[in-house]
Amino acid sequence: MAYQLLIFEDNARLRQSLELLLNDEQNFHVAGAFPDCDKADKQVVKLEADLVIMDIDMPGIGGVEGVKRIKNVSPEVKIVMHTMFDDDNRIFDSICAGADGYLLKNTSPLQLISALQDVMSGGAPMSPFVAQKVFQHFRKVNAVNEDFNLTAREKEMLELLVKGNSYKMIADKSEITIDTVKKHLQNIYHKLHVSCGTEAVAKALQHKIIKLD
């Protein structure tokens with residue numbers, strides 16, 4: 001069954017392109033596409049959305065505030081930021097607001113579809129450039145080095161997740177099945193006391209659980 005998807009994007013041409021690309025009725029059904037997110041919280045509830053693609057720089061309240069409002073009423077809805085902007089403040093404001101992924105608009109159509117599928121499976125997709133920004137930020141943060149009793153294999157899985165790899169990419173690189181990846185990540189989430197990939201990535205970086213090359 002296709003996921004109910006909402007698009008918030010003020011560029012009409014891009015909004016229409018995303019709708020045409022993603023409304024395949026197999027993976028996603030675009031239930032609505034809007035030029036602003038001023039009523040995003042109500043629209044998410046009314047249209048029973050599972051997933052949101054959110055631009056940041058829009059008229060009205062803007063994408064970051066839109067994320068906060070959606071998460072307040074529907075915390076289970078997945079939100080992927082899709083933006084031209086790659087500066088640190090916008091990235092971290094979005095993540096802190098509750099965004100589940102952060103992709104730049106130069107992400108290829110196939111990569112976008114893969115990332116959206118990944119986030120619905122619990123992943124935390126980030127464009128490589130965005131992931132690098134996150135790494136640079138947390139290199140400067142002083143934090144207690146804890147490992148939360150993760151096994152070496154679990155640390156390997158977590159490091160791949162932090163580096164922006166999808167479940168399929170983690171499975172390929174580790175030569176295991178996607179189901180095994182999911183089981184490892186479920187164990188990791190339990191040990192870190194988190195509920196999703198985004199929270200796991202944030203905690204891994206804050207507590208320096210993994211080494212950043």
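The values are calculated or read from the model by the stated rules, or taken from the named source; none is laboratory data. Small disclaimer: the values here were computed from a predicted structure and weren't measured. Don't worry about glycine lacking a Cβ; one is built from the backbone with ideal geometry, like all the others, and counts go over all protein chains shown.
Data table
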quantity	calculated
Flag for residue 176 being among the β-branched types (Val, Ile, Thr) and either in a helix (DSSP H, G or I) or touching a Lys or Arg at 6+ places or on another chain (Cβ under 7 Å) (or both)	no
Residue that is surrounded by the most Cβ atoms within 10 Å (Cβ to Cβ) [pool: residues in region 23-34 that are in contact with a helix residue (DSSP H, G or I) (Cβ under 7 Å, 6 or more places away or on another chain) and of a type outside the set (Phe, Trp, Tyr)]	30
Failed item, numbered, when residue 31 is tested on (1) hydrophobic (A, V, I, L, M, F, W, C); (2) over 30 Å from residue 206 (Cα atoms); (3) in a helix (DSSP H, G or I)	(3)
Qualifying residue in region 44-52 (condition: part of a loop (DSSP other than H, G, I, E, B), closer than 19 Å to residue 85 by Cβ and either touching a His at 6+ places or on another chain (Cβ under 8 Å) or not hydroxyl-bearing (Ser, Thr, Tyr) (or both))	no
Flag if residue 65 is surrounded by 15 or more Cβ atoms within 10 Å (Cβ to Cβ), assigned by TED's automatic domain parsing to the domain that holds residue 118 and without any contact (Cβ under 8 Å) to a residue 60 or more places away in the chain	yes
Among the candidates 71, 105, residue that is surrounded by fewer than 23 Cβ atoms within 10 Å (Cβ to Cβ) and in contact (Cβ under 8 Å) with a residue 60 or more places away in the chain	105
Within region 131-151, tally of residues that are among the hydrophobic types (A, V, I, L, M, F, W, C), surrounded by 13 or more Cβ atoms within 10 Å (Cβ to Cβ) and either under 10 Å from the mean Cα position of the chain (by Cα) or at pLDDT below 80 (or both)	4
So residue 81, is it buried (at least 22 other Cβ atoms within 10 Å of the Cβ), under 23 Å from residue 123 (Cβ atoms) and either of a type in the set (A, V, I, L, M, F, W, C) or assigned by TED's automatic domain parsing to the domain that holds residue 130 (or both)	yes
In region 48-76, the residues that are under 11 Å from the mean Cα position of the chain (by Cα) and closer than 17 Å to residue 197 by Cα	51, 52
Of all residues making up region 186-198, the number that are in a helix (DSSP H, G or I) and under 20 Å from residue 103 (Cβ atoms)	2
Selected residue (criterion: nearest to residue 78 (Cα to Cα)) from residues of region 22-47 that are within 19 Å of the chain's Cα centre (by Cα) and in contact (Cβ under 8 Å) with a residue 40 or more places away in the chain	28
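Results for (1) touching an Asp or Glu at 6+ places or on another chain (Cβ under 9 Å); (2) in the same structural domain as residue 44 (by TED's automatic domain parsing); (3) at pLDDT below 90; (4) polar (S, T, N, Q), shown as yes or no for each residue.
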position	(1), (2), (3), (4)
77	yes, yes, no, no
87	no, yes, yes, no
94	no, yes, yes, yes
97	yes, yes, yes, no
112	no, yes, no, no
115	no, yes, no, no
126	no, yes, yes, no
129	yes, yes, yes, no
153	no, no, no, no
